[in-house]
Amino acid sequence: MPRSSRSAIDTATPGWQQELAAGINSVEELAGELDLPASLLGGSHAAGSQFPLRVPRGFVRRMRRGDPRDPLLLQIIPTARELTAHPGFVADPLDELTRLRQPGLLQKYQGRALLMVTGACAVHCRYCFRREFPYVEAGAAPGTHALALAQVARDPSIQEVILSGGDPLSLSNTRLHALLRGLEQIDHVRRIRIHSRTPVVLPERIDTGLVTSLGNCTRPIVMVLHSNHANELDATVATAVARLRDVCATVLNQSVLLRGINDDATCLADLSQRLFEIGVLPYYIHQLDTVRGTAHFRVADRRARRLLGELAARLPGYLVPRLVRERPGMPAKEILAPVLHNPQQVT
Ligand SMILES: *Cc1c(COP(=O)(O)O)cnc(C)c1O
Ligand code: SF4
């Protein structure tokens, strides 16, 4: 995200904010933490200057030391491969800027509107679909929340509001609380959804103030986490999820299918089973959007479908996420898999 959006993180206050501020943002320091020579890490300062390295220390502690191919490391290390141009990989492949109903409010699907409440995140994921998104211009700033809420209030077709970003849990409890209270004033808003990677990368964020605020909300809250690999889900995350489960109607997970990180049926099965163990159900696994600088993470559709087929053959249906892709103009996310064919059936 643009550096200017960093100011969206409130600075005064508690433990999680100190933890956030203490995050690692230099390749050299990361190399030191992982007992790897910086040269082996393959970090690129040029890529990092376009989209800075940012990772909480707790997440780094879940990486394997001395392993430059660690699946958590590969999600956050800036590499020279991001600088190679690929046809079709552009700044805004989903055409989101033209889909803004008004600053800060994105509506693509019936009944649901997405509020971009901040551009800030606790971690910078190299494959991020909004890595080039101009949050400030698009209105992900405090001053525009009131206008976005007013727009939701005027449109009774909006039954569910999704807090997104960036990462909505980068906001302070005070600001989140105000947003939730604002949404509760709108009768036709029946559900509130929060899309966040923070409980996974910075579980300290799920503090008492946040849990109280969510617990007092008069609408059911759907929490959708973002985890891509079972190694991300250690005991600290399990504790954070247990706290969320006390106050949320349901806790789901979405992942991104990433080459070299989780594009393997055993790895995906481990992720689903680990999610279940900590009380989370898999919801979506996304085919990468064609954002500039992310082509090296792409898994071809054929392979992606085959992987999901393997997963469906191994796991109960409720542990198989839907493989989806966003297509501008479609009425919902396009479901690519799992679609199973009976080999005995001749058509
Ligand atoms: C993905 C998305 C949603 C939510 O879609 P679901 O299929 O309900 O999870 C809503 N709005 C926007 C803009 C989205 O990109
Ligand atoms: S947490 Fe989500 S929005 Fe933030 S950088 Fe990662 S993928 Fe992008």
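Some observations on this one:
- Annotation for the stretch 20-99: GluC sites (Glu not before Pro) lying in DSSP loop with at most 13 further Cβ atoms inside 10 Å of their Cβ do not exist.
- Of the DSSP H helices in the chain, those whose Cα atoms cover at least 15 Å axially and whose Kyte score averages -0.5 or more: 142-154, 173-184, 235-247, 265-277
- Share of Cα-Cα pairs in the chain lying beyond 39 Å, as whole percent: 10
- Considering only the chain, percent of DSSP beta bridges that pair antiparallel, nearest 5: 25
- Remark: spin-label model distance Arg81-Gln50 equals 1.4 nm, labels positioned 7 Å along the Cα→Cβ axis.
Bear in mind that the values in this text are calculations on the coordinates, not laboratory data. Because the structure is a prediction, the values reported are computed rather than measured. A quick note on method: Cβ atoms are made from the backbone with ideal geometry, for glycine too, and the neighbour counts reach across all protein chains shown.
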